[in-house]
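**Student:** Have a look at this one.
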Amino acid sequence: MSDKKIQLKRRFYILSFLCEYFNFTKLALAENSENISGNSIHQTVDGQIQNNTTNRTLKLRIRLPLEKKKSPLIIYSPGLGSGISNGESWCNAWQASGYVVVTISHPMTNDDIWDTHGTTFIKKLQTSIAPPQYDLRVNDCKFVITELLKGSHSKLLNEGLHLDYENNLENYIDANRIGIAGHSYGALTVQSICGQGDTYNRDPRIKAAIAFSPGSLTEASAKKMMAVKIPFFCVMGNHDNHVTFTKNLDKMTLGMPLEKRKKVFDYLPKGKRQLWIVSDADHMTFAGEKINSTQFSRDIPINDTLEKSTWHRINEITTSFWDYHLQLDHKMPLNDYKKQLGNNILQNEISEIDLAEYSTPLQNK
C-alpha cells in the first residue's frame, strides 16, 4: 500500500473517531470527508455536542490540520444570525497553516433566527440579544474547550469506543496554545471571555485573541478592557458601523459607530494590543463568507473581487498574528513580524502594533 493510501486510511479513522466523539451522523462523514488538493489533505467535519448543564445543543465545525502533531487550537465564535460557515475564509486559512479550528454555532443567536415558525422575526432578534445570551455564549466556548482537551476521555464519547494512541483527538491539540476569535456578537464573546467585565467569564486557558468588529456601547464598558491580560487584535473596517437585519417586512438595526469600536483597542493594556482598520470594508465584510444581502445590509457597494482580495489579506495577517503568539517552533523578532504585516496593509489603512517582543504562551498570564 502506498504512503498516500496509508495516510488517507489513517485520516478516515480520525474522521470516524470524530463522528463518534461529537455524535456525527454517517451522512455528515460522507459529506465532510477529506478535502484533497494536490498532496494536502485537510479534514472538515460537522457535528454537534450537548451541554446538559445549560441544556444547549451546540453545532460544531471541526477543522483538523494536515500534520498530526500537538498544534494550537483556535475557537471561532460567529456573529448574530450566522452559523458554522461564518468566518470560513480565515478559518480555512488557519487550518491550512497548521491550526485546529473549531467553529461553534451558538443556539438562539445563530442562523436559526431566520426560522420564524410560531413567532415573529423581531421577537427572535429581541430574544437573541437579551442579556442571558452573552454569558451563555461564553459558557459555550468554555465547555467546548474543556471537552476537546479531554479528547478520548470525554464523557461525550460513545460507551465502549476504543481508539489507539495515534487516532486520539488529544494528539492534535496543545492545551497550552489556545486562541479565540469571533465576529460582531462573536467579538463581544471574545472580549468577555478574555477578561472584560465580570472576571468569572475570563478563561485563563486562552493565550491570544482576535476580535473582528469589536465594540463597547459605553466608555465605562470600554474601560473594562484594561483587565485583559493576553495579546488582543482588533480588526474592523473603515465603514464598520451598523447592520440592518431584514426578513420580509420586519427589520432591526443593530451595531454602533466605528468610534465606539475603536475604544476597545484604546483601553487594552499597552504591549498587549494590535489594531487594523481595513479600507473599503463594512461590518459584513468580516462575515468571511458569502452572505444573503436581503438579510444583512451593506454600507459599501458589493464587489466580489475586492472582498475576496480583502479576505486574502485578512487571512495572511491574522495567521501571522497566531504564528507570532502561538507557535513554538520559531521565535519571530517583533520587527520581522511588523515587516511581515506591512506587506499586506495598504498605505491608507490604520494599523497600530503595540506588542511586546515575542514570548511563549505560557508567559502570557
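The values are calculated or read from the model by the stated rules, or taken from the named source; none is laboratory data. No experiment lies behind these values; they were computed from the predicted model shown. Cβ coordinates were reconstructed from backbone atoms using ideal geometry, including for glycine residues, and neighbour counts include every protein chain displayed. Surface accessibility is based on the protein's heavy atoms, side chains included, excluding ligands, DNA and RNA. Shrake-Rupley method; radii C 1.70, N 1.55, O 1.52, S 1.80 Å.
**Student:** Defining a contact as two alpha carbons under 8 Å apart and six or more residues distant in sequence, what relative contact order in percent does segment 83-134 show?
**Tutor:** Relative contact order for segment 83-134 comes out at 31 percent.
**Student:** Let me check I have the definition right: for segment 206-365, take the eigenvalues of the Cα gyration tensor, multiply each by 5, take square roots. What are those semi-axes in whole Å, largest first?
**Tutor:** Sorted largest first and rounded, they come to 29, 19, 13 Å.
**Student:** Between I129 and T294, 0.36 nm times their residue separation minus their Cα-Cα distance comes to what?
**Tutor:** Extra length from I129 to T294 when fully extended: 57.3 nm.
**Student:** Once you put a point 7 Å from the Cα of T146 and another 7 Å from the Cα of L346, both along the Cβ direction, what distance in nm separates them?
**Tutor:** Inter-label distance under the simple model: 4.5 nm.
**Student:** Separate question: Among the listed pairs K223/K263; K224/K263; K263/K338; K229/K272; K262/K308; K68/K142, which have their C-alpha atoms separated by more than 19 angstrom in this model?
**Tutor:** Those over the limit are K263/K338; K262/K308; K68/K142.
**Student:** Note down, for segment 53-99, the three equivalent ellipsoid semi-axes (square root of 5 times each alpha carbon gyration tensor eigenvalue), biggest first, whole angstrom.
**Tutor:** Each semi-axis is √(5λ); the values are 22, 15, 8 Å.
**Student:** Another question, then. Sorted by mean Cβ packing within 10 Å, highest first, what order do the peptides 74-82, 313-321, 187-195 take?
**Tutor:** 74-82, 187-195, 313-321
**Student:** Explain nothing, just the number: relative contact order of segment 221-284, from Cα pairs under 8 Å at least 6 residues apart, as a whole percent.
**Tutor:** It rounds to 52 percent for segment 221-284.
**Student:** Hey, another quick one. Could you compute the net charge surrounding S221? Neighbours are other residues with a C-beta less than 11 Å from the C-beta of S221; K and R count +1, D and E count -1.
**Tutor:** Once positives and negatives cancel, what remains is +3.
**Student:** Mind giving me the nanometre distance, one decimal, between the label points for M226 and N303, set 7 Å out from Cα along Cα→Cβ?
**Tutor:** 4.1
**Student:** Hey, how many Å between the Cα centroid of segment 166-230 and the Cα centroid of segment 279-342?
**Tutor:** Here the two parts' Cα centres lie 18 Å apart.
**Student:** Using a 1.4 Å probe on the protein chains only, how many percent of the accessible area of segment 197-336 belongs to carbon and sulfur?
**Tutor:** It is 52 percent, rounded to a whole number.
**Student:** Rg to Rh for segment 276-360: what is it, with Cα atoms only and Rh by Kirkwood?
**Tutor:** Value, to two decimals: 1.05.
**Student:** Would you please state the base-10 log of I(q)/I(0) at q = 0.13 1/Å for segment 180-251, with intensities from the Debye formula using one equal scatterer on every alpha carbon?
**Tutor:** -0.41
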